[in-house]
Amino acid sequence: MDIATALGQMGVRPDTLTDAERESLDRDGFLRIDNAITPEQAAAMRERLQELVDEEGDDAGIEVHKEEGTDRLGDLVNNDPMFDICFSHPRVLACAQHVLGDFRLSALNSRTALPGDGLTMLHSDSGSRVQPGDYENAMSIWFLVDFTMENGPTRVVPGSHRFGKLAQDVLEDDWAKHPDEVYLTGKAGTVYLFNAHIWHGGTKNNSDENRPAAFAFFARRDVSQYIDQRKYIRPETYDRLNDAGRYILDVEGMTEFTPDGFDRRRVLETAEY
Ligand SMILES: O=C(O)CCC(=O)C(=O)O
């Protein structure tokens, strides 16, 4: 298997992205994909996330990190097949390939900004300072409710993936509003794919409702996975994936699986995320 074959099996075609979309991803560092999932799928996912948060209790998010004022979950790959779309949607995969070339899933997690919380500093999801084109990671954010100016939309600084610098290298106050930041809003079911070197962050949820989103994080294939999928994958997940899905997770050819009881805390220390 190689990336071209895997993506072909997942339905990615040469015209899955238009030239204008590729150019905007190169220039701005992000691309909006409307109706990636239906409102019903988004509703089912957000209900499932809440169930998982309730079930996992204090352990929720331990595979990634816990964050005050948010609910996080760290390993959606192994929690419900309904989340498989986050690493098999043709347009999302085409964007990841455009940014990274050969790539794999790094992690699939969720973050729900609770009412009154959710602001984060501007940051990149890769800690590397890279030259334009030498990108290591791409991120997709899956809106599970409408993202509005009120409920804490994600903020991004267009073009900052090309700066070759981290926000922390440059900004006096990386929590403050950046003069060039824009806000990712849209209906439930919208996905934004962004170059993970772009400076971005959460904003405060000023509504009375939770603002849940799933995040599929991709890594160039020679860059370490945030979650080592071979350690985490459960046999039932492996069995339901086709060859292309196994390639995207980089779990091909597995015959032995980590036993239950494995300490699910993050096994790889990577840059801030
Ligand atoms: O939830 C958001 O809007 C953005 C979160 C974010 O930037 C992060 O978790 O790295």
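The values are calculated or read from the model by the stated rules, or taken from the named source; none is laboratory data. Since this is a predicted model, take the numbers as computed values, not measurements. With ideal geometry, Cβ positions are generated from the backbone for all residues, glycine too; neighbour counts draw on all protein chains shown. Protein only, heavy atoms only, side chains kept; ligands, DNA and RNA dropped before computing areas. Shrake-Rupley method; radii C 1.70, N 1.55, O 1.52, S 1.80 Å.
General observations
- Condition broken by residue 204, with the remaining ones in (1) over 22 Å from residue 67 (Cα atoms); (2) within 13 Å of the ligand (Cβ to nearest atom); (3) open to solvent by 10 Å² or more (accessible area, probe 1.4 Å) satisfied: (1)
- Evaluated against (1) modelled with pLDDT of 95 or more; (2) more than 16 Å from the ligand (Cβ to nearest atom); (3) surrounded by 22 or more Cβ atoms within 10 Å (Cβ to Cβ), residue 246 falls short on exactly one condition, (3).
- In segment 44-71, residue farthest from residue 11 (Cα to Cα) [restricted to those that are of a type outside the set (A, V, I, L, M, F, W, C) and open to solvent by less than 30 Å² (accessible area, probe 1.4 Å)]: 69
- Within segment 207-217, the set of residues being away from the ligand (no atom under 13 Å from the Cβ) and either open to solvent by 30 Å² or more (accessible area, probe 1.4 Å) or closer than 25 Å to residue 100 by Cβ (or both) comprises 208, 209.
- Selection of segment 73-114 for residues being in contact (Cβ under 8 Å) with a residue 40 or more places away in the chain, within 16 Å of the ligand (Cβ to nearest atom), open to solvent by less than 30 Å² (accessible area, probe 1.4 Å) and not β-branched (Val, Ile, Thr) yields 74, 75, 76, 86, 106, 107, 108, 109, 110, 111, 113.
- Subset of segment 218-234 (residues that are surrounded by fewer than 22 Cβ atoms within 10 Å (Cβ to Cβ), touching a Gly at 6+ places or on another chain (Cβ under 9 Å) and closer than 13 Å to residue 64 by Cα): none
- The set of residues in segment 158-180 that are in contact with a strand residue (DSSP E or B) (Cβ under 7 Å, 6 or more places away or on another chain), assigned to a loop (DSSP other than H, G, I, E, B) and open to solvent by less than 20 Å² (accessible area, probe 1.4 Å) is empty.
- Contact map, segment 162-186: residues that are of a type in the set (D, E, K, R) paired with residues that are assigned to a helix (DSSP H, G or I), Cβ distance under 9 Å, separation 6+ or inter-chain. Pairs shown: 162/26; 162/27; 174/167; 174/168; 180/160.
- Whichever residue in segment 132-148 is within 13 Å of the ligand (Cβ to nearest atom) and not in a strand (DSSP E or B) and, among such residues, is surrounded by the most Cβ atoms within 10 Å (Cβ to Cβ): 144
- Among the residues of segment 189-210, those that are among the β-branched types (Val, Ile, Thr) and either at pLDDT below 95 or out of contact with any Pro (no Cβ under 9 Å at 6 or more places or on another chain) (or both) comprise 190, 191.
- Output for segment 18-35, where each listed residue is surrounded by 13 or more Cβ atoms within 10 Å (Cβ to Cβ) and out of contact with any Lys or Arg (no Cβ under 7 Å at 6 or more places or on another chain): 21, 22, 24, 25, 26, 28, 29, 30, 31, 32
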